[in-house]
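Worksheet for the structure shown next.
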Amino acid sequence: MENYVAKNLAKDSGASGTSATSGSKRSRIAARLAAATAAAALLATGATAVAAAEPPKPFTAAAPTPSAPLLAHSGAMTSAPSPEAPQFDLFAADRANTLYGYIRDGGGALSPRAKIDTGWDAIKWTTQVDHDADGYADGWWEWDKNGTMYYAADDATAPWTVGGGWNTYNLVVSPGNLGGAGAGDLLARDGSGNLYIYLGYGTGKVAARYKVGGGWNAYNQIAGNGDLTGDGKADVVARDASGTLWLYKGTGNYKAPFEGRTKIGGGWNTYNALFSMGDLDLDGTTDLVARGNDGSLWRYSGTGNAAAPFAGRKNIGTSGWNTYRLFF
Ligand SMILES: [Ca+2]
Ligand SMILES: [Ca+2]
Ligand SMILES: [Ca+2]
């Protein structure tokens, strides 16, 4: 019933954006998100739900804050997702530990949020992962305050334990396939600044860690999801304490997954969060999202050019985004 309602709401609203309805592998959580955002869109426009008048029960309509996206739907560019330019939905846990979801609005910004879940206080950090190189997330790794890492698939499979001891880390991110095999991998940084790569098997299981290098505690943000440089290999960006953003080009070799860093630019300490949901503006190149210290939200469209990997920023949210403690 829920899936039926979800499909029909998403289809009938016509306001759900590309990622809501495309792709044959509609995951359970993504379907729930599509349903919730479509219901929110209906409420926002005052439209009458067709046929399925009964909204999905677990969700409530989007609140007006964080602000609605500013950019109008252009419909100009609609690339299919790929490992180089994935299209992940965005999830955000607020400081009251309620989980919200956002989908693309098709015009480079985000549709109104939809409430997904509550009780996320046990979850310390989370990253989504694409296992099968279709550009869609298939699940997420998450670890709790006890240091236990779990993997939760998007389908109906119950979450299971990856392992313990993860409280040695203070950051994890899955920027895509770093090691050269097909599946998304995991980066984790420990309290000493050592960065490790965990190669993903494509099932949620990971291989034994391999040390990337030390000194990564120079950075207070590490982000990425796909290829920023046009060579088809996933990359990451990292911001240091002075506000300089650095590019680490991926090599595709898990024993040395990054080339030496190159400088992207300064002034990035006006932001307090950097993350990527892949290709947000649907032009075929992965992008970066930055949250301003003032709670605004900005899109940096990827260019595919290593010398200047981002175009000028576009505002996609005016205020209120500081309500979130975690984006993934
Ligand atoms: Ca996938
Ligand atoms: Ca690259
Ligand atoms: Ca893009």
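Only the coordinates and a few stated rules stand behind these numbers; no lab work does. Predicted model only: the values in this text are computed from it and were never measured. Quick reminder, even Gly has a Cβ in these numbers, built from the backbone with ideal geometry, and neighbours come from all protein chains shown.
Compute the distance from the alpha-carbon center of the stretch 224-239 to that of the stretch 276-317, in whole Å. Each part reduced to its Cα centre gives a spacing of 12 Å. Checked against a 23 Å cut-off, the cross-linked pairs Lys124/Lys249; Lys233/Lys255; Lys145/Lys249; Lys124/Lys205; Lys211/Lys233; Lys145/Lys263 give Cα-Cα distances beyond that limit for Lys124/Lys249; Lys145/Lys249; Lys145/Lys263. Spin-label model, Ala208/Thr161: points 7 Å from Cα along the beta carbon direction are separated by 2.1 nm.
So between Glu259 and Asn305, what do we pick up on full extension, going 0.36 nm a residue minus the alpha carbon distance? Could the numbers behind the result be given before it?
Values: separation 46, 0.36 × 46 = 16.56 nm, distance 1.54 nm.
Computed gain between Glu259 and Asn305 is 15.0 nm.
Residues within the reach of a label modelled at Arg95 (point 7 angstrom out along Cα to beta-carbon, backbone nitrogen below 16 Å), restricted to the stretch 287-328, are 292-296, 319-327.
If you stretched the chain out fully between Ala122 and Asn217, how much longer would it get, using 0.36 nm times the residue separation minus the C-alpha to C-alpha distance?
On the way: separation 95, 0.36 × 95 = 34.20 nm, distance 2.46 nm.
Result: 31.7 nm gained on full extension.
Taking packing as the residue-averaged number of other Cβ atoms within 10 angstrom, the listed peptides 312-320, 124-132 run from highest to lowest as 124-132, 312-320. Spin-label point model (7 Å from Cα, Cβ direction): what's the Asn293 to Asp240 distance in nm? With each label point 7 Å from Cα toward Cβ, the separation is 1.9 nm. Just so you know, the averaged projected area of the alpha carbon convex hull for the stretch 117-211 sits at 6.0 nm².
Whole-Hz Karplus values for the stretch 194-210 come out as 7, 9, 10, 10, 10, 6, x, 7, x, 10, x, 7, 10, 6, 4, 5, 10 Hz, taken residue by residue from phi with 6.51 cos²θ - 1.76 cosθ + 1.60 and θ = phi - 60°; glycine and proline positions read x.
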